[in-house]
Amino acid sequence: IVFSGNGPSGICLSYLLSGYTPYFKRHSLHPHPILQRKLEEAPEVSVLDQDLEYLSEGLEGRSQNPVALLFDSLQRPDTDFGGTAESVLTWWHEPDRAIPHLVLGRNAPGGAWHSIEGSMITLSRGEWMGLPDLPFKEWLKQKRRGLRNNRATAEDIAQYYQHYVMKKGLQKNFRCGTVVTSVRKVSAESISNHTQKDLQEDSGSLWNSNEKSTEIFQVDGFFKTVEGDKEPFSIYAENVVLATGTYDNPTWLGVKGENLSYVHHQLSALEEAVKNNSVGIMSDPVLIVGAGLTAADAILFAHHCNIPVIHVFRRRVTDPGLIFNQLPKMMYPEYHKVHQMMKEQTAACAGPYEHYISLPEHHVLSFGKDKKCIFQDKNGCQKAYKISMALVLTGSNPNLSFLPNNGIDLAVDSEQPVNPKRNPIDVDPFTYECTQEKGLYALGPLAGDNFVRFVQGGALAVASSLLKKANKNPP
């Protein structure tokens, strides 16, 4: 089994496929009485071997995926109500149930968390960022640190994920510095006997069931060596798990001049510009486009450095779909502050915040070579501003260029590109296997699970399905 992506989804699945098996902890009490009764029916049977559809029936919460809700509820029984009830799971290591697998990723274990500016604070509460059987809070305590406002920094999380892989002994399954360029189905006969023999020696029982499989996946890509060379590889596997997340491919506006050198699509460009002193308190304003949390992080960063900002976004400030209108003020004071600025400091009326202008219900028409940017409001009126740099922070899409047709055929709407919020990959809700391609699985944002606490249920569903296929489920 090969999986592409070594973020939290990939790490959690590797843990479950390495023989770590969850059981209901005897004498523990789950606050959901129906789930408690179901768990008591067969405490000696691992959760991986139970009927996940039956267990997750009737659960409600902040995810659309039933197994995501189930696994989250087993690990953090009453967390949505502010409770701190302990997990009702106990973990046993059963090495004979391990399934050989490889986890391929560009970065160190933790995936895109290594690309996010380290001091950024997470939207989710710190304990929601943890993986099975190693609470994030406990790891942080060992570092003699606490959670600010119950939340953690991106750097802490990236380090925690690396520590988790080492602590659980998963590193032998991880190949970092790898880029996957192609995943496609090939016929088993087309692979030379020589290659099959090599692979069989290399990965134990991975090929034992090959007689019954006429088609398998060929995964091509390259390793980046220490010297900076690219070393190509080809791997053959009966099952492939897509866990690449969505951080790779920032969304573009598609307007004239967007490819000019002063227009950027990642927050790191602003941090770089501040380091190089190419923007500062005396420079022309930085344009920030977007009304999500990354745009808010950019505004907070610029505000902290006294850099003037023009903030452009399409929605009304009171739009209920705006993320700021969904966040509790007490828990997210800094995002609440950005929302205040957006409301009180429009171009039409000066407010109390220096170096910031908000332009709600505006969109960018074009970027000029002279660094002049043209905006249009909802009534069709146009404005021009001279800026020092632009940050277009309107979300990102997964990069699935390694799949035939960019993976579009796998999506719920197979006419449109895969999008984690609007058009995820179409998967079976209880196995996470792609409905259009057997043997191919999708996890995390690709399957519509956008929070770390919920990607783990997907890993449980995939592990349960793969154990059944490998006949490693006890009778």
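The values are calculated or read from the model by the stated rules, or taken from the named source; none is laboratory data. Remember, it's a predicted structure, so these values are computed and weren't measured experimentally. As a convention, Cβ positions derive from the backbone with ideal geometry for all residues, glycine included, and neighbour counts pool all protein chains shown. Note: areas computed on protein heavy atoms with side chains; ligands, DNA, RNA excluded. Shrake-Rupley method; radii C 1.70, N 1.55, O 1.52, S 1.80 Å.
Nearest 5 is fine: what % of DSSP beta bridges in the chain come out antiparallel, could you say?
Looking only at bridges with both residues in the chain, the antiparallel portion is about 60 percent.
So what are the radius of gyration and Dmax for the Cα set of the chain, in Å?
Gyration radius and largest Cα-Cα distance of the chain: 24.1, 74 Å.
Heavy atoms only, 1.4 Å probe, whole protein assembly: order Thr294, Thr90 by accessible area, highest first.
Thr294, Thr90
Mean separation of Cα pairs under 8 Å and 6+ residues apart, divided by the residue count of the chain: what relative contact order is that in percent?
Values: 908 pairs, mean separation 89.7, N = 475.
Normalised by residue count, the contact order of the chain is 19 percent.
Can you list residues from other chains, or at least 5 along the same chain, whose modelled amide H is less than 5 Å from the amide H of Tyr20?
Excluding prolines and chain starts, which carry no amide H, the hits are Glu94.
What are the residues whose amide H is under 5 Å from the amide H of Glu433, where those residues sit 5 or more places off or on another chain and H is modelled from the backbone?
Excluding prolines and chain starts, which carry no amide H, the hits are Asp428.
Quick check: at a probe of 1.4 Å, how many percent of the accessible area of the chain sits on carbon and sulfur atoms?
Ligands and nucleic acids excluded, carbon and sulfur give 50 percent.
Top to bottom by accessible area (1.4 Å), largest first, where do Ser268, Ser63 land?
Ser268, Ser63
Nearest 500 deg cm²/dmol is fine: what mean residue ellipticity at 222 nm does the chain get from its DSSP H runs of n ≥ 4 alone, each adding -39,500 (n - 2.57), divided by its residue count? Display every interim value, and only then the final one.
Numbers: 11 runs with 115 residues, N = 475.
Result for the chain, helices only: -7000 deg cm²/dmol.
Once you sort the root eigenvalues of the Cα gyration tensor of the stretch 252-394 as a ≥ b ≥ c, which label holds: rounded (a/c under 1.5), prolate (a/b larger than b/c) or oblate (the other case)?
oblate
Under 15 Å between alpha carbons, and skipping anything fewer than 8 positions from Lys421 in its own chain: which aspartates and glutamates qualify?
Asp413, Asp449
Please give every one of the lysines within straight-line cross-link reach of Lys468, meaning a C-alpha to C-alpha distance under 16 Å, and leave out same-chain neighbours fewer than 8 residues apart.
Lys212, Lys438
Once you've got the Cα coordinates, tell me which of Lys329/Lys371; Lys137/Lys230; Lys337/Lys371; Lys137/Lys469; Lys224/Lys337 are over 32 Å apart.
Cα-Cα > 32 Å for Lys329/Lys371; Lys137/Lys230; Lys137/Lys469; Lys224/Lys337; rest within.
Please work out whether the stretch 433-472 counts as rounded, prolate or oblate from its C-alpha gyration tensor, where a ≥ b ≥ c are the square roots of the eigenvalues and a/c under 1.5 means rounded, while otherwise a/b larger than b/c means prolate and anything else oblate?
Taking the square roots of the gyration eigenvalues as a ≥ b ≥ c, the stretch 433-472 is oblate.
Ranked highest first by average number of other Cβ atoms within 10 Å, how do 154-160, 235-241, 223-229 line up?
235-241, 154-160, 223-229
Let me cross-check Cys305: its accessible surface, 1.4 Å probe, with only protein heavy atoms counted, in Å² to the nearest 10?
Using a 1.4 Å probe on the heavy atoms, I get roughly 40 Å².
If packing is taken as the mean number of other Cβ atoms within 10 Å per residue, what is the order of 161-171, 96-106, highest first? Write down the numbers at each step before the final one.
Values: 161-171: 18.1, 96-106: 19.9.
Ranking, from highest mean packing down: 96-106, 161-171.
Quick one: net charge of Leu460's neighbours, Cβ under 12 Å, K/R +1, D/E -1?
Charge balance near Leu460 sits at -3.
How big is the accessible area of Ser87 in square angstrom, nearest 10, if you roll a 1.4 angstrom probe over the protein chains?
So the heavy atoms of Ser87 present about 30 Å² to solvent.
Compute the accessible area per residue over the chain, keeping the other protein chains in place, probe 1.4 Å, unit Å².
Per residue, the chain has an accessible area of 47 Å².
Ignoring everything but the protein chains, give the 1.4 Å probe accessible area of His32 in square angstrom, nearest 10.
Its accessible surface works out to 60 Å², give or take rounding.
Could you put Cys434, Cys176 in order of accessible surface area, largest first, with the 1.4 Å probe and the full protein assembly present?
Cys176, Cys434
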